[in-house]
1. With the full set of protein chains in place, find how many percent of the accessible area of segment 403-531 is carbon and sulfur; take the probe as 1.4 Å.
2. Which whole-number value in Å² is the accessible area per residue of segment 477-522, probe 1.4 Å?
3. Among the lysines in segment 148-301, how many pairs, 8 or more places apart or on different chains, have alpha carbons under 17 Å apart?
4. Between ALA413 and ASN58, what is the label-point separation in nm under the 7 Å Cα-to-beta-carbon projection?
5. Report ³J(HN,Hα) in whole Hz for each residue of segment 252-266, in order, from the Karplus equation J = 6.51 cos²θ - 1.76 cosθ + 1.60 where θ = phi - 60°; Gly and Pro get x.
6. Across segment 375-389, in residue order, what do the Karplus-derived ³J(HN,Hα) couplings come to in whole Hz, using 6.51 cos²θ - 1.76 cosθ + 1.60 with θ = phi - 60° and x for Gly and Pro?
7. Return the distance in nm (one decimal) between the two label points of a simple spin-label model at ALA178 and TYR368, each offset 7 Å from Cα along Cα→Cβ.
8. On the full set of protein chains, 1.4 Å probe, figure out the accessible area of ARG263 and give it in Å² to the nearest 10.
Amino acid sequence: FNEERRGKNLMYLNAFFCFRIYEEGKQSIPEHPYLFETDVEIWLVGGSCKSPIERFWNGNNTIYVLQKARHNEESDSLEESKPDDAIYASELLPKESSGPVALSVRRAKQLISLYTMAQNPNMTHLNISELVVLPPLWIRCDGSDPEHTCWLGAEPLKAGNRITGINFYMVTCDGPTADKTCFASLEELKTAHKMNHHSSVVMTKGFAQYELIRAPAIEDTIVESESNIYVDITWNTVDKILETPPLISAATLNITLESGDPRSPVYQLYRELQFLLALVEGLKTGVTEWPEPLESESAVELVQEFLTDLKKKLDGYCVSGNSKETEKIKCDTAAVDSSIKSIFSERGDLDFAEQLWCKMRSKCVSSYQELVECFTLIIKSLEHGEIQPWIHQGSSSLLSKLIQQSYHGKIEAVSLSGITPIQMLLEIGLDKMKKDYVSFFIVKDRSCLLFQDYFISTSVDLQEQVHRVQKLHHMLEIMVSCTVLLQFKHENLFPLTQICMKYYKENPLNEKHVFQLPIRPALVKKFYQNDHPEIWKVEISSGHGQKEVKTTWQVSTDPPVEHMTSNSTGLFSDSTVNGSSEETMYFITMVKCSQVHFT
């Protein structure tokens, strides 16, 4: 009876994988897990999805992830209503999921056995009609065995379309601990690998990850910033556990940065951008969120003073005048922290429309009516020839067109009603900010802006133009952070700029994206040489091709798996900061590999 049931389960598993998940996954990765035998849910993970086993397995295939199914009170009725066992497991989950749940190690080993038999071409007595090479299988385990196993994995070995064997993986975890005397020595690890795999020669490869910059939580908030900069370093030939990577290593800088930190040197530019976004939203919804006025003097009074000054200095602002005599207007939106003036300073060539934007933005136009009054004053001054302001060539805003018309003594009538005033303000702000960012990337960063046309194009609607300016601002924040915090020079900023531009030409704004830049370790060594790594691991390997086997030993400051918790109250205690004498708490992880060959 047991043998018959096992054969039935095996055939079901094979059919279930092949025709329900595998085939569906060829078209697109399913958004929901499948249920198997009431206690196991099966996820197909691939594509852009983050792999839960990326720390332990470097394959880039689609994989199956198996974990314990969580049932709600309606699970019985759902099972009765569906004769097909392969229902979506999401229908059995509670409304609020607390994260993945692991299976017992015993149950995981049973599932690994079924998977292995389903892939074994020698199991002809099971009458499997067509053997399909399935994706690798990984199972979350609860660590209930003496080794504290947290993952079991199986990966088919194949020659063409023929399955020749299976790679088995076992991931174990202990900790956290600050006691480095319990760490294995490199020689012990190499000796154990040689004995397990009957090899006489082994190779070693090291990996270390250091956190260079992490933005602390903003004062008076409980929100942790997700901004951080860390470096991944790999090298061949490891000499001892926790060794500092040699300078000949390969290194990759990983940058994740959120805009809007009040401590950022370009925070005022961020605020300026937020005002643009509020205007765009007003155009879309018909409701504009006007800021509270910051000063007693109204925007209308300020614009009137500005126009009066222009009338007095008409010669200096005439279209034929010398642009070098243009008055430089300082405002909070163009002001930058003194520590970064050499990196991002205000432009000295602000034209009339840009100066107007700075004044109206800095003094906060606080209502629609106030905005109408401001533009009414300006248009009347243009109609009467009282001012002939200078504007940049190529400006596309409605106000710029009116100014150009005023040079010839006549301007078209504009009805300052509906969305027109808001659109006029948005246009001059958009023009000004585009020039600000382009000025930085061309003049300061000396970037050739391969995709410049994309970021400053006027062929798309205003909302899309503002979104592209958002991308420019995010890139600016990244460049400024690397310049100020890591002291990067042009030769490092230039390739990073190109990486960011390429990404943002093809993708929407994503401040959680990790931008990666290959660098020399010497460039950032001073930031990590006296610090402890967040992750350090050594990979010991032997054999070649499909017969290659690896043993990995790793320590990490964070729990290596999301489905296991520690009973230690010091789990999230602070790690060593800036080389202080506090001991770092590490989790210890081992990944062992073994092989079974079918032919």
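The values are calculated or read from the model by the stated rules, or taken from the named source; none is laboratory data. None of these values were measured; they are calculated from a predicted model. Using ideal geometry, Cβ is built from the backbone for each residue, glycine included, and neighbour counts are taken over all protein chains shown. Remember, those area values only see protein heavy atoms, side chains included, never the ligands or the DNA or RNA. Shrake-Rupley method; radii C 1.70, N 1.55, O 1.52, S 1.80 Å.
1. Working: 2990 of 5800 Å².
Carbon and sulfur atoms account for 51 percent of the accessible area of segment 403-531.
2. Working: 2180 Å² over 46 residues.
Per-residue accessible area for segment 477-522 comes out at 47 Å².
3. Numbers: LYS180/LYS240; LYS190/LYS205; LYS190/LYS240; LYS194/LYS205; LYS205/LYS240.
Step by step, the pairs that qualify in segment 148-301 add up to 5.
4. Placing both labels 7 Å beyond Cα along the Cβ direction yields 7.3 nm.
5. Each residue of segment 252-266 in turn: 10, 7, 10, 10, 10, 9, 9, 6, x, 6, x, 7, 5, x, 10 Hz.
6. Coupling constants for segment 375-389: 5, 4, 4, 5, 5, 4, 5, 5, 4, 8, x, 6, 9, 9, x Hz.
7. In this crude spin-label approximation the distance works out to 6.2 nm.
8. 120
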